[in-house]
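Report on the following structure.
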Amino acid sequence: MRKSLDRPLRPADARASIAVDLGAESCRVSLLRWKDGQPSIELVHRFANNPREADGGLRWNLNMIVSGVEQGMLRCAELAVEGIRSVAVDGWAVDYVRVDAAGTPLADPFCYRDERTVKAEKSAHRKCSHERMRELTGIQIMRINTVYQLYADALAGPSDSDSDSETQQWLNLPEYLLSHWGGARVAEYTNATHTQLVELYKKQWCRDIFNALHLDLASAPRLVPPGTGVGKLTGPLSQLPAFADTSLIAPACHDTASAIAGIPATGNDWAYISSGTWSLVGTLIEQPRNGPTAAAENFTNLGAVGDRICFHKNVNGMWLIRQCTDQWALDGTVWPVADLVAASELVPRPEGLLDVDDPDLLLPERMPQRINAQRIKRGLEPLDESPANAPAFASLIFHSLAARYAKVLDRVAFLSGKKLKRLFIVGGASQNAFLNRLTQEATGLEVFRGAPESSTVGNFAVQLATLEGSRDAVTGAYAEPVARWAGLFINALDATPASEPAKA
């Protein structure tokens, strides 16, 4: 590590910073302040976010998202009398806002779960095959990816709001917010890779795909690396004294890339699980892995901080528990997740395990019945589906997830050529001590618990690395200062430091 990184971390400017984390279920606005040279992070505002049926599709309420975030920013301005130095936004990938030449939204953005992409994916692959698209981008084929959404727009044809289509642009949601506040219109690289429109090795928009699908390359924003300053905050918010000279920064705008940037680990012997509704199981690599085996097993090569790659696979996650508890709630019994986890430790080890990635278990509703259907198909006895037997279901799910993690991590090690020793678990489900213990037993790796709000930690870490002049996003050197800031901010969140293993 360079000597310049050995100094204690202190910002040159003690003003506060804001991290906005857009989630498909809730959005968060957090404030970083400095007190006697030490950081303090506070979750200032959280609000629910859900798509709804509107204008012929499943769409996000963009005005609600913007007003909710700005409500949090106003509260931050009240708290941070010292002023706000910077604002950065990360969020879920693939969804975008279409804007006109003035930057005005043309309609509420579609949600990735809208079924219009079912037809679009099949049609797109008749023009650019599944294999060719994977070869060009290195990204796992998923119908939610931006490429299929844009193609669905093309199949639908122009609408009344598209009358000035030649001057349209589209912006992924985090970058849209930055633009809305006065920033340049950009596509941050980690977020752009999930569009499935970025050429893997050249790291630029893939002309072959744009041309094959007759998509307008001119409507795509300029690609920039994580940690790019995109301007100063303008508009009504800037009239407040706290926002008089506030920089807008595109961090790792993809929340997963931010979450991995929030892991203060160096070296080459560690893997990660970003654990929530989905479990993203993988490791950071320097060069893409896009050979036939990685493609056949549907591993993805997404952009990461420091010119690296998030090489991982999607595995089902706490979706299974959430769907079960929703079903039992309909039957009149509410199971708080923490209580269910504790109760599941007390039941005997389950007989037989689930295939947690069975497509039927990715569908909503009737999850206990879906689980039993799989058990019956495999010659196992069905479980009592009553709410009283919820701990047995939870135990089965947790043991099955841990076993699946172990299998995927074996493949991660093989495909990446790494000898893995450590596993960092971040995200909301990192607090599940029982699952952490089962994962440690199944994988044989030393498990460390990161921050539940790791995307916020990574967001702030990239901001500070950029503001303090250590942004060198075209080389892996940028990863070192980001990791150091992340370690400092995990302590500021009062989360379990990554140097402490998760308790069994």
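Taken together, the values in this text are just the output of simple stated rules run on the coordinates, not laboratory data. Owing to the predicted nature of the structure, the values given are computational and were not obtained by experimental measurement. Because the Cβ atoms are built from the backbone with ideal geometry, glycine has one as well, and the counts that use them run over all protein chains shown.
Express the relative contact order of segment 225-264 as a whole percentage, based on alpha carbon pairs under 8 Å and six or more residues apart in sequence.
Answer for segment 225-264 is 42 percent.
What nm value, rounded to one decimal, do you get for the distance between Asn268 and Leu58 when each label is placed 7 Å out toward the C-beta?
Label-label distance for Asn268 and Leu58, simple model: 4.2 nm.
If contacts are Cα pairs under 8 angstrom and at least 6 residues apart, what is the relative contact order of the chain in percent?
Once divided by the residue count of the chain, the mean separation gives 16 percent.
What nm distance separates the two modelled labels at Glu468 and Ala101, each placed 7 Å from Cα along Cα→Cβ?
Result: 4.4 nm between the two label points.
Quick one: Debye curve from the alpha-carbon atoms of segment 152-253 only, equal weights, vacuum; give me log10 I(q)/I(0) at q = 0.10 Å⁻¹ to two decimals.
The computed values of log10 I(q)/I(0) come out as -0.34.
How many nm separate the modelled label positions at Ala156 and Asp360, each set 7 Å beyond the Cα in the direction of the Cβ?
About 3.3 nm, to one decimal.
Taking H as built 1.01 Å from N, whose amide H comes closer than 5 Å to the amide H of Gly227, not counting residues under 5 places away?
So Gly227 has HN proximity to Ala250, Ala252.
Out of segment 73-121, which GluC sites (Glu not before Pro) are coil in DSSP terms and have no more than 11 other C-beta atoms within 10 Å?
Glu115
What does the charge dipole of segment 83-214 about its Cα centre add up to, to the nearest 20 debye, if the Cβ of each Lys and Arg holds +1 and the Cβ of each Asp and Glu holds -1?
500 debye
Wrap a convex hull around the Cα atoms of segment 196-244, take a quarter of its surface area, and give that in square nanometres.
Answer in nm², one decimal: 5.2.
Roughly what % of Cα-Cα distances in segment 1-127 sit above 21 Å, to the whole percent?
56 percent
Considering only DSSP states other than H, G, I, E and B, which trypsin sites (Lys or Arg not before Pro) in segment 405-439 qualify as loop sites with at most 16 other Cβ atoms within 10 Å?
Qualifying residues, ordered by number: Lys419, Lys421.
On the principal axes of its Cα set, how long, how wide and how thick is the chain? Give whole Å, largest value first.
Extents along the principal axes, in whole Å: 63, 58, 48.
So what are the three principal axis dimensions of segment 93-184 from its Cα atoms, in whole Å, longest to shortest?
For segment 93-184, the Cα extents along the three principal axes come out at 39, 27, 23 Å.
Taking square-rooted eigenvalues a ≥ b ≥ c of the alpha carbon gyration tensor, is segment 226-341 rounded, prolate or oblate, where a/c under 1.5 means rounded and, failing that, a/b exceeding b/c means prolate?
Here segment 226-341 falls in the oblate category.
Can you grab the distance from the C-alpha centre of segment 348-395 to the C-alpha centre of segment 416-463, Å, no decimals?
After rounding, the separation between the Cα centres reads 26 Å.
At a Förster radius of 30 Å, what calculated FRET efficiency corresponds to the Cβ-Cβ distance of Glu351 and Arg411, to the nearest 0.05?
About 0.70, to the nearest 0.05.
Taking the convex hull of the Cα atoms, report for segment 58-139 its projected area averaged over all directions, in nm².
8.4 nm²
According to the square roots a ≥ b ≥ c of the eigenvalues of the Cα gyration tensor, what is the shape class of segment 415-465, taking rounded for a/c under 1.5, prolate for a/b larger than b/c otherwise, and oblate for the remainder?
Oblate, because a/c is 1.5 or more while a/b does not exceed b/c.
In debye, nearest 20, what is the charge dipole magnitude of the chain about its Cα centre with +1 on Lys and Arg Cβ and -1 on Asp and Glu Cβ, if you could check?
Once rounded to the nearest 20, the dipole reads 1280 debye.
List the residue ranges in the chain for DSSP H helices whose C-alpha atoms run 30 angstrom or more along the long axis and whose Kyte-Doolittle average is -0.5 or above.
Long hydrophobic helices here: 390-416.
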